[in-house]
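So the structure is just underneath, and the comments pick up after that.
The values are calculated or read from the model by the stated rules, or taken from the named source; none is laboratory data. Predicted model only: the values in this text are computed from it and were never measured. FYI the Cβ positions are ideal-geometry reconstructions off the backbone, even for glycines, and counts take in every protein chain you see.
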Amino acid sequence: MTARPLSLTVNGKQIVPINVPDDMMMQDFLHEYLNLTGSRMGCGEGVCHACTVILENPDGRLEEHRTCISAAHFFAGKSVKTIEGHAERDVSGKVVKLTDVQQAFMKHFAFQCGYCTPGFVTATTVLMDRLQRAPVARKDLERTITQALDPHLCRCTGYVRYYEAVREVILAAPGLVRG
Ligand code: FES
Ligand code: FES
């Protein structure tokens with residue numbers, strides 16, 4: 001197995017080059033090399049989306065990526081946000097403020113075991129970023145939410161509360177919905 005240096009930005013921090021095997025998946029790199037274990041290993045084959053992280057494009061657009069089927073080296077030179085990078089933290093690393101999405105999920109008791117929650121937070125954050133650039137008509141909001149969240153599986157089947165929370169947080173944010 002060959003390894004080569006990998007450098008990228010994770011949660012705003014530049015990671016100095018680390019020798020990483022060519023065939024290592026991003027999920028394993030985050031968990032084993034960076035101790036960022038919040039992205040969940042579910043199916044391990046690209047189906048459940050529990051493992052997603054955000055890729056922050058140079059133009060500011062956010063994209064969801066499954067880390068169980070993406071090589072760590074795919075992210076070379078790129079900027080990634082894991083679930084650990086969403087909430088605001090103080091200098092000691094303690095969470096001091098959740099994002100609006102995280103707060104909405106708490107308020108609605110949207111999750112049960114919570115295993116799928118990092119993926120749902122990721123998907124909703126990416127959706128809201130997209131709607132900031134291209135607001136959706138109110139009549140199309142339900143379909144838009146369904147399309148964005150549909151790939152995310154919840155084994156506890158708590159979909160209704162997730163969807164309620166997402167609808168509320170989108171409607172509360174200015175400029176995401178027209179009409
Ligand atoms: S663990 Fe990656 S899609 Fe299921
Ligand atoms: S809350 Fe348990 S898998 Fe979704």
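Quick notes
- Residue among His86, His108, His152 that alone is within 16 Å of ligand 2 (Cβ to nearest atom) and closer than 24 Å to Asn11 by Cβ: His152
- Comparison of Val47, Val91 shows that the only residue that is within 16 Å of ligand 1 (Cβ to nearest atom) and of a type in the set (A, V, I, L, M) is Val47.
- Criterion applied to Lys78, Lys13 was being among the basic types (Lys, Arg), over 13 Å from the mean Cα position of the chain (by Cα) and surrounded by 14 or more Cβ atoms within 10 Å (Cβ to Cβ), and the one residue passing it is Lys78.
- For Arg167, the requirement of being over 30 Å from Asp23 (Cβ atoms), touching a residue at least 24 places away in the same chain (Cβ under 8 Å) and outside the structural domain of Pro17 (by TED's automatic domain parsing) is met.
- Filtered residue count, segment 40-57, keeping only those that are under 20 Å from Thr124 (Cα atoms), more than 14 Å from ligand 2 (Cβ to nearest atom) and either among the small types (Gly, Ala, Ser) or exposed (fewer than 15 other Cβ atoms within 10 Å of the Cβ) (or both): 2
- His65 being more than 16 Å from ligand 2 (Cβ to nearest atom) and either in contact with a helix residue (DSSP H, G or I) (Cβ under 6 Å, 6 or more places away or on another chain) or under 14 Å from Gly119 (Cβ atoms) (or both): yes
- If the condition is being under 18 Å from Ile83 (Cα atoms), crowded, with 18+ Cβ neighbours inside 10 Å and out of contact with any Ser or Thr (no Cβ under 9 Å at 6 or more places or on another chain), then segment 125-152 contributes only Met128.
- All conditions in (1) crowded, with 17+ Cβ neighbours inside 10 Å; (2) touching an Asp or Glu at 6+ places or on another chain (Cβ under 7 Å) hold for Val96, with the sole exception of (1).
- For the residues Val160, Val96, the requirement of being aliphatic (A, V, I, L, M) and within 16 Å of ligand 2 (Cβ to nearest atom) singles out Val160.
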